[in-house]
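The values are calculated or read from the model by the stated rules, or taken from the named source; none is laboratory data. Just so it is clear, the structure is predicted and the values come from calculations on it, not from any experiment. Cβ placement follows ideal geometry from the backbone for every residue including glycine, while neighbour counts extend to all protein chains displayed.
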Amino acid sequence: MSKTKALAWAGGLLILLGTATGCNKNKLKNDAFLDINTRILIHESNLGGGKNLKVSVVDKRRRNILLKKDSERKIKSGRALVLMDYHPSLKLDTNFEQTATEAFQMQGYETDGKGTGTPRELTIYITKVDLRLRKDRNRAGTLPTIQARLRSKMKITAKNRGMAYGNDYEFFIKKSYPGTPEKADTEKILNYGLTQLLHQILEDPKLAQFLTS
């Protein structure tokens, strides 16, 4: 496990605060994939005490699309900002499961079945990852800006010795650019949202109490 990854909070802030490269006036059409890079924002600990924990992630979204193309009407009229559907470059549930498993290992859980006690189970459901671009209503005398909005949701169910615990998590972020954001900027927004949701799960005190009881 990499300590560098555990100390990636500064990198997470750069995702949100980094300088926009979106002065480009072109439509977003670099390619049809967005790179996934969820970060871990915790330090190593012994919270799990070596207890067995099985982590799994299920993508419950109806379509494997992160950024949906604009309507054909907008495309034909030249008003479209997104000309094609954008998919994750990696399978979203598999990638998120790998990162979440590593994060719980860093909290002191054993995820390979070699720990102590009755195995705990944690299932994370990805229910919404909705990234959109829209033109801001600009005030008189100001240049129009493009706003990227990400709304993402996940829920979990945990099992421990016949008992169950569940919770929902949601994260919303919006950021304005002086023109259509570059693909790299939309990836920063996307990965910041996924990182924050994972952090919410890891920092859920009721989940931690449930898994360690």
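When you go through (1) of a type outside the set (D, E); (2) in a loop (DSSP other than H, G, I, E, B); (3) under 13 Å from the mean Cα position of the chain (by Cα); (4) closer than 19 Å to R151 by Cα one by one for R63, which number turns out not to apply?
It fails just one condition, (3).
How many of the residues making up the stretch 76-98 are buried (at least 19 other Cβ atoms within 10 Å of the Cβ) and either among the hydroxyl-bearing types (S, T, Y) or in contact with a Pro (Cβ under 7 Å, 6 or more places away or on another chain) (or both)?
Summing the residues that are buried (at least 19 other Cβ atoms within 10 Å of the Cβ) and either among the hydroxyl-bearing types (S, T, Y) or in contact with a Pro (Cβ under 7 Å, 6 or more places away or on another chain) (or both) in the stretch 76-98 gives 1.
Which pairs have Cβ atoms under 6 Å, sit 6 or more apart or on different chains, and link a residue in the stretch 39-55 that is more than 20 Å from N191 (Cα to Cα) and in contact (Cβ under 8 Å) with a residue 60 or more places away in the chain to one that is among the small types (G, A, S) and crowded, with 19+ Cβ neighbours inside 10 Å?
V55/A100
Each row is one residue, and each column tells you yes or no for (1) under 23 Å from F33 (Cα atoms); (2) touching a residue at least 40 places away in the same chain (Cβ under 8 Å); (3) part of a strand (DSSP E or B).
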position	(1), (2), (3)
Y165	no, yes, yes
F172	yes, no, yes
G179	yes, yes, no
T195	yes, yes, no
L207	no, yes, no
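Spot the failing condition for P178; the list is (1) modelled with pLDDT of 95 or more; (2) over 11 Å from the mean Cα position of the chain (by Cα); (3) not β-branched (V, I, T), and only one is missed.
(1)
Is there a residue being at pLDDT below 55, surrounded by 17 or more Cβ atoms within 10 Å (Cβ to Cβ) and either part of a helix (DSSP H, G or I) or over 20 Å from the mean Cα position of the chain (by Cα) (or both) anywhere in the stretch 13-22?
yes
Of all the residues that make up the stretch 106-122, how many are surrounded by 18 or more Cβ atoms within 10 Å (Cβ to Cβ) and either touching a strand residue (DSSP E or B) at 6+ places or on another chain (Cβ under 9 Å) or part of a loop (DSSP other than H, G, I, E, B) (or both)?
6
Using the structure shown, decide if K91 is at pLDDT 90 or above, basic (K, R) and touching a strand residue (DSSP E or B) at 6+ places or on another chain (Cβ under 9 Å).
Yes; evaluated as a whole, the condition is true for this residue.
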